[in-house]
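The values are calculated or read from the model by the stated rules, or taken from the named source; none is laboratory data. Predicted model only: the values in this text are computed from it and were never measured. Ideal geometry is used to build each Cβ from the backbone, glycine not excepted, and the neighbour counts take in all protein chains shown. SASA here: full protein model, heavy atoms, side chains in, ligands and nucleic acids out. Shrake-Rupley method; radii C 1.70, N 1.55, O 1.52, S 1.80 Å.
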Amino acid sequence: MAYELQEFALDLRKSTAPPNYIAVNSGYATVAPRADTVMGVQGCWSPPFAAGDAALQVQIVAEGHLIEDTGNMGKGDCGLLLAGSEWRPDRLARTGTYHYFVHGQLLSLAVQSELSPFADRPGFMLGVSVRNRTNRKLEVALNPVLAPGCPGFVPLDQWDFGFPPKGEPAGYAEEAVWENGKVRLSLLADTGAGFELEPDQERTVHFGVILSRPGEAVHRSGASPAKWGKSAASFWQERLEEAGRQIPTLRSDIPGLENYYRRALLSGLVCLWYKPEFAIRPFPAVAGMEGAGICAYPWDTGGYAAQTLNLLFGKEKSIELLRLMVDSGIDRHSRFAPDGTGLDGAYSYSLWSFYNLAWCAMKQHGIIAELFPVMRDLLLKDEERLPHWGELLDYGDQRNLLEMRSAAHQHVVSSPNAERAWCYDRLADLAAGLGLEGAAEWRGQAERIRAAIRAQLWDAGKGWFKCIYPSGHVEYVYTIQAYDSLRMGVCTPEMEADLLSHLREGAFLGEYGISSISAEDELHYELNDPDWSGGGSYTGEGPVLAQTLWEIGQPGLAWDVLQRLFWMGALLPYFPQEHYSDRPMAPSHKRANIIAGLAGVEAVLFGLAGFEPQLNGELWVSPQPPEQGSITITGYPHRNLRVDVRLSPGACEIVCDGQTVYRGEPKRVLVCQADRIER
């Protein structure tokens, strides 16, 4: 089922996203509006071009009177006043009004604008429509004013999690052209500036800004900013049609669930770049809407939404991404740039993320034998490069772990040691599936690691995990990361009960999500860094926790966690890097969007609906419907089959290729036998 662009529209009067988080991306370029203006533009990025401080304003001159569009918050004649704005994946539409007596006569104009990045060249289009609301003819002119700022030409290997560096100030080169020796900015318009408007008549003018290298002339003859601007809509319609084929659609009468699911999906789609210069297309950037974070982290892709990403990418692209992770030096670098260059030092969660992405690819598409030696070698490299603490590994300090802001979750910790045990189990499964030796050895190592976590890191008196430093110092950090250990099969029933007892209001649960650190943790809880230090969480953590709870048979608690996030589908155009848990907002100093928003789709499909593809080609479904409301999930693709699941309180129906497989009380159902699957 294809999605429509308008399904993702958001009236920004309702949005609680910080103004600097609002931007539009075409997979080729991204452009941001100037806050509180009707026509203002502030920043455009299209790697290797970075023009974050380039600004376009349009001045309206009506009957010789200058009407500025600056977001003036004063009184009196403040110029054009912002009256509304609507975000859509392909454009930002804004409306404004000017209604004021000038020299004793009422001057009344309605103004609309559309801002879109180009999808086939670096730059953007700004369309401006002006309607005469007076009863007399008006002489009107639209005068664009471009401030070029300090545009940069930044090699692809230098794009990272922060903003790309600025270039030198650009100066006037010739009419409507500015340069600084690295970048040229060209300003285009599809018509002259001046025109007449009869009463109630409207006129539209399209402006364009193109980023290019110096000396690359933009041919103004036949230039069409309006036509180029429509490329974003075409691009997005294609992406949404693809997503409708690859990702199941969801319909529900439960308030907030549909919006949340769609926004979670869109949060992944806005992170995909299709520039031909990039190492892979699509390139799964971690963020990038506001120009920062146009790089890829294995943890954000493979760690939070591996199954959903495999559906989006398909088998061949998933394998290509896995190869790129290896080639970029996943054992040495935490992330990679758009050209595949590895960045920064090793990260402790990269191994699990790679394994999870590879494992999900093989469950979804079939065993990929070539990945086995790669996975084995990566696991052994971690064993060699990290200090051992008996059967456990010392994963280093904050730079290698959660980047908390105090002495906390560091060195010998339950997670990622628990994920390491999971990786050994997956290696054993693959060895057995491929008929290779070593499965028993890998399985034994996994159990020894889990036993060591229970013996050395679990404190039964406190009911929580220790973090042990090389000096012997011990920290008890009430971090949401502990629940990943629960997911990895480490915990006994008693340990599980102790961990779950903290999932309550005033500890890990807030009205609008979860806290990365329990509010009851006096030593480590703080409010400046919701990401990992409390007061909120990284956007992927809430859905992952909900999915974990469904996986261990805690559906009531899982639903309680997930439904706290439904506000995000109504109040945000796409999900940010992190958000608060006690109010429906995000901090303004982090990244505007995050690919781990896909974890919301992951939790619904593989937790709530319970799709369980297996390495041998089987598909099991283990639905756990909430106590109220109905949910229909349509079009889950498994090899050559399509599966639908319909949920209602105490009941479910599972349909495979139009034939009902099961109808009755929710239980784990084998939908497809291995020998019925086309490999």
- [ ] Inspect all residues belonging to the range 400-408 and state whether any of them is assigned to a helix (DSSP H, G or I), in contact with a Ser or Thr (Cβ under 9 Å, 6 or more places away or on another chain) and either among the β-branched types (Val, Ile, Thr) or in contact (Cβ under 8 Å) with a residue 24 or more places away in the chain (or both).
- [x] yes
TODO: Take the range 341-362 and flag every residue that is aliphatic (A, V, I, L, M), in a helix (DSSP H, G or I) and in contact with a Gly (Cβ under 9 Å, 6 or more places away or on another chain).
DONE: Leu357, Ala358, Met362
Task: Positions within the range 451-468 being in contact with a helix residue (DSSP H, G or I) (Cβ under 8 Å, 6 or more places away or on another chain), open to solvent by 50 Å² or more (accessible area, probe 1.4 Å) and among the hydrophobic types (A, V, I, L, M, F, W, C), in sequence order - done: Ala460
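Please work out if Ser318 is modelled with pLDDT of 95 or more, open to solvent by less than 10 Å² (accessible area, probe 1.4 Å), among the hydroxyl-bearing types (Ser, Thr, Tyr) and within 30 Å of Asn20 (Cβ to Cβ).
It is false that Ser318 is modelled with pLDDT of 95 or more, open to solvent by less than 10 Å² (accessible area, probe 1.4 Å), among the hydroxyl-bearing types (Ser, Thr, Tyr) and within 30 Å of Asn20 (Cβ to Cβ).
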Open item on the list: Looking only at the range 398-423, filter to residues that are open to solvent by 10 Å² or more (accessible area, probe 1.4 Å) and over 17 Å from Tyr478 (Cα atoms); which one of those is modelled with the highest pLDDT?
Closed with: Trp422
- [ ] Counting only residues that are in contact (Cβ under 8 Å) with a residue 24 or more places away in the chain and closer than 24 Å to Leu12 by Cβ, give me the strands (runs of 3 or more DSSP E) lying completely in the range 563-663 with at least 2 of them.
- [x] 578-580
Task: Residues of the range 492-541 satisfying the condition of being open to solvent by 30 Å² or more (accessible area, probe 1.4 Å), of a type in the set (Asp, Glu) and more than 21 Å from Gly463 (Cα to Cα) - done: Glu511, Glu526
TODO: Could you check, for the range 255-263, whether at least one of its residues is in a loop (DSSP other than H, G, I, E, B), open to solvent by 70 Å² or more (accessible area, probe 1.4 Å) and closer than 30 Å to Val183 by Cα?
DONE: no
Task: Hits in the range 181-208 (condition: assigned to a loop (DSSP other than H, G, I, E, B), in contact with a strand residue (DSSP E or B) (Cβ under 7 Å, 6 or more places away or on another chain) and open to solvent by less than 80 Å² (accessible area, probe 1.4 Å)) - done: Val183, Asp190, Thr191, Ala193, Pro199, Gln201
- [ ] Take the residues in the range 120-179 that are in a loop (DSSP other than H, G, I, E, B) and within 17 Å of Leu107 (Cβ to Cβ), then tell me which one is least open to solvent (accessible area, probe 1.4 Å).
- [x] Thr134
Open item on the list: Could you tell me how many of the residues in the range 287-340 are within 22 Å of Ala603 (Cβ to Cβ), of a type in the set (Ser, Thr, Tyr) and part of a loop (DSSP other than H, G, I, E, B)?
Closed with: 2
